[in-house]
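Participant: The structure under discussion is supplied below as structure tokens; questions concerning it will follow.
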């Protein structure tokens, strides 16, 4: 069972609905026992970084998540702001992230003269072709993005997928059993289905 963490960040049912359509057992939950029993975890995120960080802190779920992810090595996928929370901090706010991946979150520079937020479909390139999550990635693979900030890992080896919007940026990061995707796989049709299936079965 995949536990989709519910920490009061708005509508997260789209992820659960996609997994249900794929025949993958999941549960939207804030219950510690559910999380402790989960084989895999998804940390969604919606809205501002500080609001999500505060809600996660107030949920009192960080200790059980740290046990599962850092000690038990349960695979976890962060989505959008949920992916950004895996890092140290964000230029969007003052709250600290979880610090599970050494990276910071930065705003697209105004000097690029691009429309922010970045909304729409973007192609991606795999930097880790042997990773089980990227076996389906080819020159046609694209995902749906909605974001004004991007992840900047301290080491390039943490970048799983890269994309381009005025500049190259990390579309997905990965460190050991932890993966974060800046895009929304639940809104990315067949490409999102491929990624979520890989996460559920192979990662």
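Values quoted throughout were computed directly from the atomic coordinates according to the rules given, and no laboratory measurement underlies them. Keep in mind the model is a prediction, meaning the values are calculated, not measured. For neighbour counting, all protein chains shown are included, and Cβ atoms are generated from backbone atoms with ideal geometry for every residue, glycine included.
Participant: Which of 61, 85, 76 moves most in a GNM of the chain, Cα contacts under 10 Å?
Facilitator: Maximum fluctuation in the GNM of the chain, among the listed residues, is at 61.
Participant: Separate question: Provide 42, 114 in ascending order of the number of other Cβ atoms located within 10 Å of each residue's Cβ, fewest first.
Facilitator: Ranked by crowding around the Cβ, least crowded first: 114, 42.
Participant: How large is the helix-only mean residue ellipticity at 222 nm for the chain, computed as the sum of -39500 (n - 2.57) over DSSP H runs with n ≥ 4, divided by its residue count, in deg cm²/dmol to the nearest 500?
Facilitator: Working: 6 runs with 48 residues, N = 203.
Result for the chain, helices only: -6500 deg cm²/dmol.
Participant: Using a 7 Å offset from the Cα along the Cα-to-Cβ direction at both residue 202 and residue 136, what is the distance between the two label points in nm, to one decimal?
Facilitator: 0.9
Participant: Ok, one more. What are the extents of the Cα atoms of region 2-201 along their three principal axes, listed from largest to smallest and rounded to whole Å?
Facilitator: 47, 37, 30
Participant: At 7 Å along Cα-to-Cβ for each site, give me the label-to-label distance between residue 167 and residue 14 in nm.
Facilitator: According to this spin-label approximation, the distance is 2.6 nm.
Participant: Considering only DSSP beta bridges whose two residues both sit in the chain, what percent are antiparallel, to the nearest 5?
Facilitator: 60
Participant: Return 162, 94 ranked ascending by Cβ neighbour count within 10 Å, so the fewest neighbours appear first.
Facilitator: On the way: 162 16, 94 9.
Result, fewest neighbours first: 94, 162.
Participant: Same structure, new question: For residue 57, project a label point 7 Å along Cα to C-beta. Then give me every residue of region 98-124 with its amide nitrogen under 20 Å of that point.
Facilitator: From region 98-124, the list is 98-106.
Participant: By count of other Cβ within 10 Å, fewest leading, how are 8, 136 ordered?
Facilitator: On the way: 8 12, 136 15.
With the sparsest Cβ surroundings first, the list reads 8, 136.
Participant: Then there is this: Per residue, how much space in cubic angstrom lies within the convex hull of the C-alpha atoms of region 60-174? Provide the component values of the computation, followed by the final result.
Facilitator: Working: hull volume 12.9 nm³, N = 115.
Output value, Cα hull per residue: 112 Å³.
Participant: Roughly how many whole Å is it from the C-alpha centroid of region 107-177 to that of region 180-200?
Facilitator: 13
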